[in-house]
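Undergrad: Structure in structure tokens, see below.
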Amino acid sequence: MSTTAHRLFAALLAAAILFAGCQDPGDDTEEPGEMTEENVSAEVEEFENDLNDALQSAESDIEALDNRLSEAGEEAEAEFSEEMGEIRQQRDSLRSQMQQLEEASEEEASELRANMRETRRDLNRRLDRVALEAAEEQDEFVRAANERMDRLDAQLEELKQDAEAAGDEVSQETQEEIQELEQRRDALQEDLAAAENATEEEFAEMRSELVDGITETRAETAQALDNLETSIEPDREMRDTPSE
């Protein structure tokens, strides 16, 4: 486990011990979802691994976009120069916040994790939009859009699996949101199939809506994933804390 994970583990375990201290003496029954050393450690490592994966994916996307814009010429590089600069700033911000976690208190770590999730979502939204807007030719755009749709499919699958694993802790509102996101995904796939076979004039009219639709649906699916993750743990703690 890394230094960051050790410190986060210690903070979360301290909270778990506090809750355990409130239980009746002799009550050794471990309730489902209880904050044990094993599952606290797993949650800390999962968060850290997710952020590392996000940074690696961002690095790969940035490199691919730099190459594409360079090949497209100085005009394309100038057009997206400001946006690419902000993307790099957000990537660097994530790196910095990962380092800050090593010295963070429990309260500071909780706030940092929330900020990092938000930064990650906005970073990916920007990367999606540049990847699509920089693809000017119709066939190039369709390839870029299909690649982003594959990522959306992976997000939706993860969201459904997490919701299923959470069971009764998932609200009806979340279940309805998942259904809506799946419907939007299906509609986008139909529009993308139509764009692939569209005339040049038709494609020009469809392009902007596809960029917005794919970018925002991906971002909202990421938001749903983060909301589900952060909502379950407080519910679990409330359930495991005995009433006085």
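Undergrad: How large is ³J(HN,Hα) for each residue in the range 164-181, as worked out from phi by the Karplus curve 6.51 cos²θ - 1.76 cosθ + 1.60 (θ = phi - 60°), to whole Hz, x for Gly and Pro?
TA: Values per residue, Gly and Pro as x: 5, 5, 6, x, 5, 6, 7, 6, 4, 4, 5, 4, 5, 5, 4, 4, 5, 5 Hz.
Undergrad: Give the Debye-formula value of log10 I(q)/I(0) at each listed q (0.17, 0.23, 0.29 Å⁻¹), with one equal scatterer per alpha carbon of the range 110-172, two decimals each.
TA: Cα-only, vacuum Debye calculation for the range 110-172: -0.79, -0.99, -1.10.
Undergrad: Using the C-alpha gyration tensor of the range 90-244, what are the square roots of 5 times its eigenvalues, in whole angstrom, with the largest one first?
TA: Details: eigenvalues 253, 88, 16 Å².
That gives 36, 21, 9 Å for the three semi-axes.
Undergrad: Please work out the C-alpha center-to-center distance from the range 69-101 to the range 115-145 and express it in whole Å.
TA: Here the two parts' Cα centres lie 12 Å apart.
Undergrad: Counting only the heavy atoms of the protein chains, how much of residue 60 is accessible to a 1.4 Å probe, in Å² to the nearest 10?
TA: 70
Undergrad: If the only charges are +1 at each Lys and Arg Cβ and -1 at each Asp and Glu Cβ, what is the size of the charge dipole of the range 116-198 around the Cα centre, to the nearest 20 debye? Mind showing how you got there, number by number?
TA: Working: 12 positive and 26 negative charges, 86 e Å.
With Lys and Arg at +1 and Asp and Glu at -1, about 420 debye.
The values are calculated or read from the model by the stated rules, or taken from the named source; none is laboratory data. Keep in mind it's a predicted model, so treat the numbers as computed, not measured. Cβ coordinates were reconstructed from backbone atoms using ideal geometry, including for glycine residues, and neighbour counts include every protein chain displayed. Quick note on the areas: whole protein, heavy atoms, side chains included, nothing else; ligands and nucleic acids left out. Shrake-Rupley method; radii C 1.70, N 1.55, O 1.52, S 1.80 Å.
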